[in-house]
Amino acid sequence: MKLVKIFLIALSAYIPNAWSAVDYNIKYSSNYLMPAYVHFKADGTQYSVNAKINIPLYNIIFNSRGAQTANQFNMVNYQDSRNGKLYSVSKISPTTIEYGKMKDGLKTEPLKLPTFDLFTMAFQLSYYDKLPDSFQITNGKKLYPMENVKVKKSEKQIEYNKQKVTEISYTFKTGNKDIMVKKFVGEQFPRYIKYSRDGDDYELEFSEFVK
């Protein structure tokens, strides 16, 4: 019995940080001067991301949720709501994915790749320190396959709040899209997200934790 206890204690020391439960409410500033409020929660079995962005004439909410495994977030549902009305969705089963604008009806296709929305992808990188080699990103309306992705990881010392911290950057390129995610060593959420497509940049930068 004592040997079993020693084994379990030793094993627990090697359980990756990715299994730790987290619950973050974060305000991000953006290069479009419209902040994003993101609630990210993961408990070891399930995860969810709720992002709220207020822009002129629109109150946009992105919701994604799914299962959590030892090395990945498996999204099962994504919703884009605008001014309280459902605008587009992605529904994922083990074999199929339904997606599209609500007004146009949903398309159904075989599920060939792991699927993330932009926020889940960013939290996947910062939480697990890796992405699948091939996956696809959805905004509810469309699917964007990203195959044979090579993520470049780099580290550097920076000064933040008068303290030196190690910043980790993840970058990758696929087709006409460039993506960068940054975090600090020891953290499991993105400090910075940049999504570039056809010369247009969308950037989010950590501002503060909020209640």
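Read-outs throughout are calculated quantities, based only on the coordinates presented, and are distinct from any laboratory measurement. Not measured: the values here are computed from a predicted model. Don't worry about glycine lacking a Cβ; one is built from the backbone with ideal geometry, like all the others, and counts go over all protein chains shown.
Within 10 Å, count the other beta carbons around each residue, average over each peptide in 51-57, 62-68, 38-44, and list them highest first.
Values: 51-57: 12.7, 62-68: 19.9, 38-44: 18.0.
So the order, starting with the most tightly packed, is 62-68, 38-44, 51-57.
Restricting to Cα pairs below 8 Å that are 6+ residues apart, what does the relative contact order work out to for the stretch 19-209? Please round to a whole percent.
Values: 464 pairs, mean separation 28.8, N = 191.
Result for the stretch 19-209 is 15 percent.
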Gain in span if fully extended, Asp104 to Lys177, counting 0.36 nm per residue against the direct Cα distance: 23.7 nm
What percent of all Cα-Cα pairs in the stretch 152-211 falls into each 10 Å bin, going from 0 up to the bin containing the maximum distance? 21, 48, 26, 6
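Using the structure shown, select from Lys85/Lys150; Lys107/Lys183; Lys91/Lys130; Lys52/Lys130 the pairs with a Cα to Cα distance greater than 32 angstrom. It would help to have the intermediate numbers written out before the result.
Working: Lys85/Lys150 37 Å; Lys107/Lys183 36 Å; Lys91/Lys130 24 Å; Lys52/Lys130 25 Å.
Where the Cα-Cα span goes over 32 Å, the pairs concerned are Lys85/Lys150; Lys107/Lys183.
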Using modelled backbone amide H atoms (1.01 Å from N, in-plane), which distant-in-sequence or interchain residues come within less than 5 Å of Gly66's amide H? Tyr47, Val76
At 0.36 nm per residue, minus the direct Cα-Cα distance, what do Asn31 and Glu155 gain on full extension? Give it in nm, one decimal, please. 42.3 nm
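Please sort 153-162, 134-143 by packing, taking for each peptide the average over its residues of neighbouring beta carbons within 10 angstrom, highest first.
Values: 153-162: 8.8, 134-143: 18.0.
Result, highest mean first: 134-143, 153-162.
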